[in-house]
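The values are calculated or read from the model by the stated rules, or taken from the named source; none is laboratory data. Fair warning: this is a prediction, and the values are worked out from it, not measured in the lab. Using ideal geometry, Cβ is built from the backbone for each residue, glycine included, and neighbour counts are taken over all protein chains shown.
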């Protein structure tokens, strides 16, 4: 396990991005945050990881994915990631304002590792990033792609 927690955040909301950046910074989490604003850019980024000359440090430890994105929604992005034998080991957490049972069902069936509703208050974001860091970077063990 490397010491820097690399998160690929895919979210088109500037305010949500700022909140997550702040929570990571104030939580003193040694992290690298790659921010992408739409599903197509996220898929292009992830597909580029499969190139033989792609630097290994570009692979995220975790994808934090908004469900409601411009273009393809988060469910389609999850299905693409989890349907690819070279990318499916990357954990994908849906972070959204939705709590609709149909949305939960769709992303879980597509292969998302977890579905989390975006917190309403900033202290809950701080708790959330600490939990994500603890679990996905310090506790969970996953097979590296390379």
Quick one: count up the residues across segment 18-30 that are surrounded by fewer than 18 Cβ atoms within 10 Å (Cβ to Cβ) and in contact with a strand residue (DSSP E or B) (Cβ under 7 Å, 6 or more places away or on another chain). 2
Enumerate the pairs (first residue in segment 134-146 and closer than 16 Å to residue 57 by Cα; second residue anywhere and exposed (fewer than 12 other Cβ atoms within 10 Å of the Cβ) and at pLDDT below 85) with beta-carbon separation below 7 Å, excluding pairs fewer than 6 apart on the same chain, so at least 6 apart or on different chains. 146/56
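One line per residue, one yes/no per condition, for (1) at pLDDT 95 or above; (2) assigned to a loop (DSSP other than H, G, I, E, B):
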| position | (1), (2) |
| --- | --- |
| 33 | yes, no |
| 42 | yes, no |
| 53 | no, yes |
| 64 | yes, no |
| 69 | no, yes |
| 84 | yes, yes |
| 94 | yes, no |
| 103 | no, no |
| 108 | no, no |
Scan segment 45-58 for residues that are loosely packed, with under 12 Cβ neighbours inside 10 Å and in contact with a strand residue (DSSP E or B) (Cβ under 9 Å, 6 or more places away or on another chain) and jot them down. 57
How many residues, within segment 105-141, are over 14 Å from the mean Cα position of the chain (by Cα) and farther than 21 Å from residue 42 by Cα? 16
Per-region count, segment 85-125, residues touching a residue at least 24 places away in the same chain (Cβ under 8 Å), touching a helix residue (DSSP H, G or I) at 6+ places or on another chain (Cβ under 8 Å) and surrounded by fewer than 17 Cβ atoms within 10 Å (Cβ to Cβ): 2
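Per-residue answers, yes or no, for (1) on the phi > 0 side of the Ramachandran plot; (2) in contact with a helix residue (DSSP H, G or I) (Cβ under 7 Å, 6 or more places away or on another chain); (3) touching a residue at least 40 places away in the same chain (Cβ under 8 Å):
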site	(1), (2), (3)
24	no, yes, yes
32	no, no, no
36	no, yes, no
54	no, yes, no
